[in-house]
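Enquirer: Questions regarding the structure given below will be posed in turn.
The values are calculated or read from the model by the stated rules, or taken from the named source; none is laboratory data. None of the values given here were measured: they were computed from a predicted structure. No Cβ is skipped: glycine too gets one built from the backbone with ideal geometry, and neighbour counts run over all protein chains shown.
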């Protein structure tokens with residue numbers, strides 16, 4: 001047995017531990033962050049008693065949750081019921097394998113990073129379905145199916161946006177994507193329309209903001225999590241909040257130039273640059289703030305509007321966007337400039353025409369007369 | 001889409017605003033001069049006794065009824081209160097035999113007559129409407145006691161206290177009134193020492209006024225009980241009638 005193998009195993013274990021630690025810490029931080037930000041945006045203070053300015057609030061909540069009874073319904077499929085909350089973390093943990101946190105710190109520089117991300121995020125849908133099915137409760141099952149329908153629908157526009165990024169970067173590796181956005185040519189500046197499509201789809205993937213139908217607190221019991229309580233519920237909850245950070249990491253890597261920023265080489269230890277890590281975290285938490293902000297500001301969609309928005313608006317627009325970008329890449333002489341012009345125009349058209357078209361469509365819908373048979 | 005941006009601008013505008021949360025134990029709102037936020041029993045420093053006299057005025061006047069005065073009297077005064085009066089009153093009435101009420105209830109269950117009929121049947125049994133019987137009716141029929149009381153107190157034919165042995169009804173119909181019924185009533189009241197509607201202390205006479213009794217040709221008319229009618233009554237005749245009835249009662253005993 002060679003030392004390389006032992007080192008590889010140790011490295012594997014350490015990487016997984018770090019990934020899990022990041023997920024848990026991110027979730028706990030996000031819960032406090034969201035509650036404080038929501039509080040401030042609503043002219044309140046939010047929780048500020050536990051620890052300095054309330055930073056230990058979610059730690060206390062987590063301990064409370066762990067102290068609860070580990071309860072499973074009699075009719076539930078015990079194995080699956082236990083497996084689902086464990087599995088739900090896989091997506092959030094495994095994505096971190098390919099994310100470049102900073103210069104010189106990527107766990108695995110996969111050359112199929114984008115495809116890997118798409119494949120791994122589907123695990124969340126699977127475990128949510130599993131949880132709803134194993135609860136042996138029709139409400140849980142219906143809730144899980146609703147969630148699955150939503151997440152599968154919004155995966156498509158997300159993938160379509162990712163394809164555009166891959167085309168522009170010329171590679172599926174995330175490090176290459178970051179490198180392609182060098183010297184402040186971030187993709188959010190050069191293709192804002194794609195960014196908007198991706199961002200909307202990712203909010204829906206996270207079951208947040210205006211798309212939080214799967215467990216809209218003010219309307220449903222809890223969707224797929226109806227039968228879950230204690231730490232099992234906590235795992236779903238943590239995953240959801242960790243998902244904010246993880247999805248923001250992906251978004252930052254793909255569109256906001258990843259770890260890039262000024263003074264990138266100021267502090268380098270063993271090949272790992274520390275200043276870019278700060279830029280990365282700042283960008284990630286700016287995005288998390290935007291997620292919280294949107295959640296507070298935008299009212300929830302109806303379920304038919306939700307599905308209609310994915311299938312009738314986002315997916316056709318994503319397809320058109322791919323075709324247009326491909327055409328620009330293929331034929332335009334200065335393709336970067338041409339793509340920026342095209343994308344900004346598309347963004348302005350989309351944002352400007354959206355309300356008018358929607359109003360026109362609603363008016364036409366109301367004019368329809370029911371046909372009696 | 002533009003509406004969403006507008007909403008987001010509004011919410012972001014609230015971020016730098018002053019927060020309205022008051023961190024209670026550390027910060028306190030400045031209360032107005034006459035605020036009485038916290039009720040406390042003030043202890044007299046001189047005697048170590050509470051200044052509260054347990055008058056329960058605050059309890060009865062509290063608009064939201066959050067005050068409860070729990071107290072124990074230090075002086076065992078004969079407390080004149082409503083409950084005690086009611087208890088004494090209930091004790092003074094003969095305790096009715098509720099078994100007798102069973103046919104009335106059965107009748108109610110079978111034919112469901114009105115409350116009037118039930119009360120009339122009850123009064124036929126006891127001679128008046130005893131409170132325990134009304135409570136029993138309320139329990140059995142599901143009609144609230146206050147509604148039963150409303151019916152019983154509205155109608156003149158119902159009595160809530162035991163009647164005397166002789167019920168003297170003085171007719172106050174139009175004919176009798178013209179023929180001098182008020183004078184007859186006054187004579188009875190003077191002789192018996194009670195007002196109309198009351199019973200003498202020895203439970204012998206109940207004096208009451210009635211509407212028209214019917215035999216206007218005999219006005220003024222006085223009826224004793226249900227089947228003894230005296231026509232063309234005079235105040236002297238009334239005194240004589242009372243004397244005769246007293247005599248009859250003595251003979252019976």
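Enquirer: Can you tell me how many residues in region A:236-264 are over 10 Å from the mean Cα position of the chain (by Cα) and under 28 Å from residue A:166 (Cβ atoms)?
Expert: Final tally of qualifying residues: 13.
Enquirer: Then there's this: Working only within region A:304-322, note down all residues that are more than 14 Å from every other protein chain (Cβ to nearest Cβ) and either without any contact (Cβ under 8 Å) to a residue 60 or more places away in the chain or within 20 Å of the chain's Cα centre (by Cα) (or both).
Expert: Within region A:304-322, A:304, A:306, A:307, A:308, A:310, A:311, A:312, A:315, A:316, A:318, A:320 qualify.
Enquirer: Go through region A:135-158 and report how many residues are under 17 Å from residue A:311 (Cβ atoms), crowded, with 18+ Cβ neighbours inside 10 Å and in contact (Cβ under 8 Å) with a residue 40 or more places away in the chain.
Expert: Within region A:135-158, residues that are under 17 Å from residue A:311 (Cβ atoms), crowded, with 18+ Cβ neighbours inside 10 Å and in contact (Cβ under 8 Å) with a residue 40 or more places away in the chain number 9.
Enquirer: Same structure again: Could you tell me whether residue A:44 is at pLDDT 85 or above, within 14 Å of chain B (Cβ to nearest Cβ), assigned to a helix (DSSP H, G or I) and out of contact with any strand residue (DSSP E or B) (no Cβ under 7 Å at 6 or more places or on another chain)?
Expert: no
Enquirer: Looking at region B:178-203, I want the residues that are in contact (Cβ under 8 Å) with a residue 60 or more places away in the chain and not assigned by TED's automatic domain parsing to the domain that holds residue B:242 and have a partner that is loosely packed, with under 15 Cβ neighbours inside 10 Å and in a loop (DSSP other than H, G, I, E, B) with Cβ atoms under 7 Å, at least 6 apart or on another chain. Which pairs are those?
Expert: Here the result reads none, with nothing in region B:178-203 linked to a residue that is loosely packed, with under 15 Cβ neighbours inside 10 Å and in a loop (DSSP other than H, G, I, E, B).
Enquirer: Taking the condition surrounded by fewer than 20 Cβ atoms within 10 Å (Cβ to Cβ), under 20 Å from the mean Cα position of the chain (by Cα), within 27 Å of residue A:216 (Cβ to Cβ) and within 14 Å of chain B (Cβ to nearest Cβ), does residue A:38 pass?
Expert: yes
Enquirer: With the requirement that a residue be assigned to a helix (DSSP H, G or I) and either in contact with a strand residue (DSSP E or B) (Cβ under 8 Å, 6 or more places away or on another chain) or free of Cβ contacts under 8 Å to residues at least 12 places away in the same chain (or both), what does region A:283-303 give you?
Expert: Hits for region A:283-303 are A:286, A:290, A:297.
Enquirer: Related question: Among the residues of region A:224-235, how many are part of a helix (DSSP H, G or I) and either surrounded by 24 or more Cβ atoms within 10 Å (Cβ to Cβ) or over 21 Å from the mean Cα position of the chain (by Cα) (or both)?
Expert: Result for region A:224-235: 5.
Enquirer: So which of B:240, B:217, B:249 ends up being part of a helix (DSSP H, G or I), more than 26 Å from the chain's Cα centre (by Cα) and touching a residue at least 40 places away in the same chain (Cβ under 8 Å)?
Expert: The unique qualifying residue is B:249.
Enquirer: Among the numbered criteria (1) farther than 22 Å from residue B:199 by Cβ; (2) in contact with a helix residue (DSSP H, G or I) (Cβ under 7 Å, 6 or more places away or on another chain), which single criterion is violated by residue B:132?
Expert: Of everything listed in (1) farther than 22 Å from residue B:199 by Cβ; (2) in contact with a helix residue (DSSP H, G or I) (Cβ under 7 Å, 6 or more places away or on another chain), residue B:132 misses just condition (1).
Enquirer: Mind listing whichever residues of region B:128-162 are surrounded by 17 or more Cβ atoms within 10 Å (Cβ to Cβ) and in contact with a strand residue (DSSP E or B) (Cβ under 9 Å, 6 or more places away or on another chain)?
Expert: B:159, B:162
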